[in-house]
Amino acid sequence: MKSNFIQRAITGVIFVGVLVGAIMGGPVTFTLLFALITALTIYEFGTIVNRHVPDVQINRLISVLAGVFLFLCFGYVGLIPGKEEVFVPYLFLMLYLMISELYRKQKNPIHNWAYTMMSQMYIALSFSMLNVLAYHNAGAESVSQYNPILPLSIFIFNWVNDSGAYCVGSLLGKHRLFERISPKKSWEGSIGGACFSVVAAVVLAHFFSFLSLGEWIGLALVVVVFGTLGDLTESLLKRTVQIKDSGNILPGHGGMLDRFDSTLMAVPTAVLYLYVVSMLN
């Protein structure tokens with residue numbers, strides 16, 4: 001028990017340090033790290049479905065290539081707006097993944113298509129939208145400015161929410177949030193995590209005024225709600241295929257999906273929230 005706790009703690013510290021360092025380090029380290037994370041997460045997802053879902057064999061290599069390319073396309077368009085033609089090769093990769101099933105002679109090609117598209121929409125698109133948060137253009141500039149605070153804030157809110165929910169839930173948790181999928185989550189823990197995230201939003205609003213206090217709090221609540229739903233979604237996936245962890249790449253913490261489950265749903269909804277905020281201002 002003690003050795004497992006130490007292992008989890010060491011892995012957690014390294015994980016947070018690498019993530020924060022890469023995001024704050026600039027667009028190059030941000031792009032390299034999340035392109036790698038996208039690749040590893042899609043490959044892990046492909047491994048899960050190929051091993052545990054009957055009659056499914058998706059093309060992991062091309063799925064990874066397509067997902068990473070989509071992430072890089074979003075980054076390029078984020079940095080240099082108006083260059084949407086870079087997405088054209090991605091469309092060819094998608095066509096290849098569809099047409100190749102005609103020749104692979106698999107038992108259930110429809111399921112292969114479905115899980116392949118899920119790897120792109122659930123994982124690749126979500127990570128790609130971190131670029132939407134990271135790059136900002138005033139309209140007159142030909143090259144966008146990189147701002148690490150918004151993408152970093154998504155992880156801060158998720159981490160604070162997870163820690164707060166665990167502490168409050170351990171002390172006060174009585175009413176199950178979604179017992180069928182995640183028996184340990186409680187309403188008390190979720191509300192506690194949300195309160196801690198609101199405090200984090202107040203701190204961020206004090207140091208970074210490009211969003212108002214109300215907008216920061218709104219962003220925190222969006223991340224909390226949809227991050228929790230993302231966590232439950234991944235739990236449903238694991239329960240469906242009857243596995244405990246999505247992988248073992250992170251000692252003591254499981255796999256990539258285990259670490260980024262909240263992020264995968266929080267990022268797109270955060271982008272949508274900020275888009276609505278910008279339309280109203």
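Residues in the stretch 26-47 that are touching a residue at least 24 places away in the same chain (Cβ under 8 Å), farther than 24 Å from Asn108 by Cβ and not in a loop (DSSP other than H, G, I, E, B): Pro27, Phe30, Thr31, Phe34, Ala35, Ile37, Thr38, Ala39, Leu40. Consider Leu33 carefully, then state whether it is surrounded by 11 or more Cβ atoms within 10 Å (Cβ to Cβ) and either assigned by TED's automatic domain parsing to the domain that holds Leu236 or closer than 18 Å to Leu264 by Cβ (or both). Yes. Surrounded by 14 or more Cβ atoms within 10 Å (Cβ to Cβ) and among the acidic types (Asp, Glu) - does that describe any residue in the stretch 95-106? Checking the stretch 95-106: at least one residue is surrounded by 14 or more Cβ atoms within 10 Å (Cβ to Cβ) and among the acidic types (Asp, Glu). Scanning the stretch 93-119 for residues that are touching a Ser or Thr at 6+ places or on another chain (Cβ under 8 Å) and touching a residue at least 60 places away in the same chain (Cβ under 8 Å) returns a single hit, Ser119.
The values are calculated or read from the model by the stated rules, or taken from the named source; none is laboratory data. Quantities reported herein were computed from a predicted structural model and do not represent experimental measurements. Glycine also receives a Cβ, built like all others from the backbone with ideal geometry; neighbour counts cover every protein chain displayed.
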